[in-house]
1. Roughly how big is segment 2-63's charge dipole about its Cα centre, with Cβ charges of +1 (Lys, Arg) and -1 (Asp, Glu), in debye to the nearest 20?
2. Measure out, as a whole number of angstrom, how far apart the alpha-carbon centroids of segment 272-309 and segment 58-103 sit.
3. Kindly identify segment 2-63 as rounded, prolate or oblate by the Cα gyration tensor criterion: order the square roots of the eigenvalues as a ≥ b ≥ c, call it rounded if a/c is under 1.5, otherwise compare a/b with b/c, prolate if a/b is larger, else oblate.
4. Magnitude of the Cβ-charge dipole of the chain, K/R +1 and D/E -1, about the Cα centre, nearest 20 debye?
5. Which value, in Å², gives the accessible area per residue of the chain when a 1.4 Å probe is used on the protein heavy atoms?
6. Based on DSSP, what percent of beta bridges with both residues in the chain are antiparallel, to the nearest 5?
7. Before rounding to the nearest 500, sum -39500 (n - 2.57) across all DSSP H runs of length at least 4 in the chain and divide by the residue total; then give [θ] at 222 nm in deg cm²/dmol.
8. Considering only 220, 141, 204, whose Cα is most displaced toward the positive end of the charge dipole of the chain, charges sitting on Cβ of Lys, Arg (+1) and Asp, Glu (-1)?
Amino acid sequence: MLIIMDAQATSGQIEHVNNRIKELGYQPHAIPGTTRLAIGVTGNRDADDRVHLESLPGVQQVILVTKPYKLASRETQPEDTIVTVGSVRIGGGDVVMMAGPCAVESKEQTLRIAHKVAEAGAHILRGGAFKPRTSPYAFQGLGEKGLEILAVAREETGLPIVTEVVSPVDAKLVAHYADMLQIGTRNMQNFELLKIVGEIGKPVLLKRGMSATLTETLMSAEYLMSHGTRDVVICERGVRTFSSHARNTLDVSFVPALKKVSHLPVVIDPSHASGNRHSVIPLGLAGIAVGADALLVDVHDDPEHALVDGPQALPPDDFKALMQRLDRLAEALDRDLKPNRYAAEVGS
Ligand code: PEP
Ligand code: MN
């Protein structure tokens, strides 16, 4: 349910409505960014409550939200959400680039690559300290040591950090270091993880499950939002199909479909979608062309020796070429690829 308050509703009336919602055993959620004050209601089951709530002083209208996801739905919030990570705004029309190594392997490797992506104009640094690996024998990430390295990279480049959290046990630790928490494709329906990460309240990059529908993806976003965070960005990273020429199939049709039903920003990850370097630039450009708000790209300066996902990593020069092509594409789309702070400070 969505309660639309009168434009002249007093703060006392708003408080009264919030209290009634809680007394009924439901949760009120203030919907920001709207021209009128709206209160989302989740947890409601009784259709009669609508009539009751509509009769309260200061209430203009109560609308039933038909989608199973409520807070993530455009019915609840018609305006696009803008998620702010550090000083970077995702979803306001600018083209945003998140880039870095798939995994934090060492301090030297991470700092070298961080400086390279910052120089090329990336806005957010990616890097996994906790890695969800198919094989238990594969490199699992440096854990907290990796987070400490990312914090140094942020300090040196000024770029905010997005890094993955794979377990509820580590959620607070990762949140202590990260500016944005990534939930990977394998964990999209780890509901206990979603609840804890939602409660932390930091921005979240939620990757679509590799076989998840649009509705299932938004229901996972709903877990995060109903537990406290508003700042959810959805990432399309390819889905499993019969195609064997690539690791996954990038579903570009997901972007306009999601934008139609949800106000949340969308990111395309052309690296994990394809699994091969030569596809990353074309798929990244395609992602922005269909309306994605940002890209998430693996970059490595020694892909041959990368501990994770070397074959899909762009070397820094290729990454720079992608940024230059994106700049031209953004212009053609009446969008902006803003310089990052690092470029302003280094003066390049
Ligand atoms: C990643 O971004 O490092 C990652 C593991 O991606 P995904 O969850 O999409 O496989
Ligand atoms: Mn990876």
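The values are calculated or read from the model by the stated rules, or taken from the named source; none is laboratory data. The structure presented is a predicted model; accordingly, all values stated were derived computationally and were not measured. So basically every Cβ, Gly included, is an ideal-geometry build from the backbone, and we count neighbours across all protein chains shown. Please note that ligands, DNA and RNA were not included when accessible areas were found on the heavy atoms of the full protein model with its side chains. Shrake-Rupley method; radii C 1.70, N 1.55, O 1.52, S 1.80 Å.
1. With only Lys, Arg, Asp and Glu charged at Cβ, the dipole is about 140 debye.
2. If you average the Cα positions of each part, the centres end up 24 Å apart.
3. Judged from the Cα gyration tensor, segment 2-63 comes out prolate (a/c at least 1.5, a/b above b/c).
4. Computed charge dipole of the chain: roughly 480 debye.
5. 43
6. The antiparallel fraction comes to roughly 40 percent.
7. So the helix-based figure for the chain works out to -11000 deg cm²/dmol.
8. Comparing the listed Cα positions along the dipole, 220 ranks first.
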